[in-house]
Amino acid sequence: MDVVDAHCHIISEDRTAYPQAPIGGKQSTWAATRPVTAEGMVSRMDAAGIDQAVLVQATTNYGYDNSYVIDSCRRRPDRFVAVGTVDPLRADAAASLKAAVGDGGLSGVRLFTSGSTVPTQGEWFAAPETYPFWEQAGESGVPVCLQMRLGPATEQLVEILERFAGVTVLLDHIGYPDIVASPAQAGAEVAELGVHPGLHLKLTHRNLERLRDVGERAGDFLTPVIQAFGAERIAWGSNCPAAEQSLPELLALAESVLAGLPERDRQEIFAGTSRRLYPGLGG
């Protein structure tokens, strides 16, 4: 089966060429304890049978310096495309994004509004100061990966999706829906967002572990979400090495949880969606 990993991170061993500058000044635990270089990621991909991958900027190690993911993609364009990070609140955000995409540069951009080093969900991604950034993202045709938690900030997400209908947003970890508390309720809440054609979902171990844990009730979440979005708007990503499991284990988890889906849906989730979002992957 054709497999594209839509979400993995790399960290160089060369701190002189690629100095640490984590967002908020705090490095994530995984970046400090189990970093993986671009070469190491290729080895892990080969072991897992993964053809290509999207290198998502390790914001908790490099902040807004996208040098390593860009350089790694230029060295191995057959295996990688790059998603970098831009500060959308800066006055030059739109110009910076325009300059960074295409011609061997970024194939996408990521906004890190909540995560391991940002415990409080930021709602700044929808502030008026960010509008030039969103406009440029639409003009450039690059997907915007949005790391956020659904809940209080969902209103801001909807605002962006409605104001900038031409922008493609890829919601990292599906916004961390509370699957364990109620798969059906979580599925219904995510499915409501399917009316926005620009919104895509990134399915990772953060969701798959919860779906595995709820057993037969996993369908209460997956069925309405896939019906609302279609598999062609859902992409699988490993989150390696932020996830503690090995890359083959992460792929096996996804294959196990999604085993009951039609083959066409599985192919879309494991590769088709990513290849459309990131044409640089080819095919």
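Computed from the Cβ-Cβ distance with R0 of 30 Å, the FRET efficiency linking residue 162 to residue 246 stands at 0.15. The packing ranking of peptides 236-245, 195-204, 209-218, highest mean first, is 236-245, 195-204, 209-218, where packing means the average number of other beta carbon atoms within 10 angstrom of each residue. Taking the average, over residues, of other Cβ atoms within 10 Å as the packing measure, peptides 15-27, 251-263 rank 251-263, 15-27 from highest down. Pairs of Cα atoms nearer than 8 Å and 6+ residues apart set the relative contact order; for the stretch 1-73 it is 53 percent.
For the chain, DSSP calls about 5 percent of its internal beta bridges antiparallel. Full extension of the chain segment joining residue 99 with residue 181 gains 25.2 nm, where the gain is 0.36 nm per residue of separation less the Cα-Cα distance. If all Cα-Cα distances of the chain are sorted into 5 Å bins from 0 onward, what percent lands in each bin, rounded to whole numbers? Answer for the chain: a P(r) of 1, 6, 13, 18, 20, 18, 14, 7, 2, 0 percent. Each Lys and Arg adds +1 at its Cβ and each Asp and Glu adds -1 at its Cβ; summed about the Cα centre, the chain shows a dipole of about 360 debye. Scanning residues 5 or more positions from residue 4 or on other chains, those with amide H under 5 Å from its amide H are 271, with H placed 1.01 Å from N in the peptide plane. With protein chains left intact and a 1.4 Å probe, residues in the chain average 40 Å² of accessible area per residue.
Segment residue 37..residue 17, full-extension length gain: 5.9 nm, with 0.36 nm per residue of separation and the alpha-carbon distance subtracted. Compared with the alpha-carbon gap, the fully stretched path from residue 92 to residue 255 is longer by 54.5 nm at 0.36 nm per residue. Using the rule -39500 (n - 2.57) for each DSSP H run of four or more residues, divided by the residues of the chain, the 222 nm mean residue ellipticity is -10500 deg cm²/dmol. Going by a ≥ b ≥ c, the root eigenvalues of the Cα gyration tensor, does the stretch 20-92 fall in the rounded group (a/c under 1.5), the prolate group (a/b larger than b/c) or the oblate group? Oblate, because a/c is 1.5 or more while a/b does not exceed b/c.
Give me the distance between the Cα centres of the stretch 141-205 and the stretch 6-27, rounded to whole Å. So the two Cα centres are separated by 26 Å.
Across the stretch 19-35, coupling constants 3J(HN,Hα) worked out from phi with the 6.51/-1.76/1.60 Karplus curve, θ = phi - 60°, read x, 6, 7, x, 4, x, x, 10, 7, 5, 4, 5, 5, 7, 9, 9, x Hz, and Gly and Pro carry x. With the highest mean first, a sort of the peptides 41-47, 100-106 on other beta-carbon atoms found within 10 angstrom per residue produces 41-47, 100-106.
Remind me, relative contact order of the chain in percent, using alpha carbon pairs under 8 angstrom and six or more residues apart? This gives 20 percent for the chain.
Carbon-plus-sulfur accessible fraction, the chain (probe radius 1.4 Å, protein heavy atoms only): 49%.
The values are calculated or read from the model by the stated rules, or taken from the named source; none is laboratory data. This is a predicted model, so every value here is computed, not measured. Cβ sites come from the backbone with ideal geometry, for glycine too, and all protein chains shown count toward neighbours. All accessible areas refer to the heavy atoms of the entire protein, side chains included, with ligands and DNA or RNA removed. Shrake-Rupley method; radii C 1.70, N 1.55, O 1.52, S 1.80 Å.
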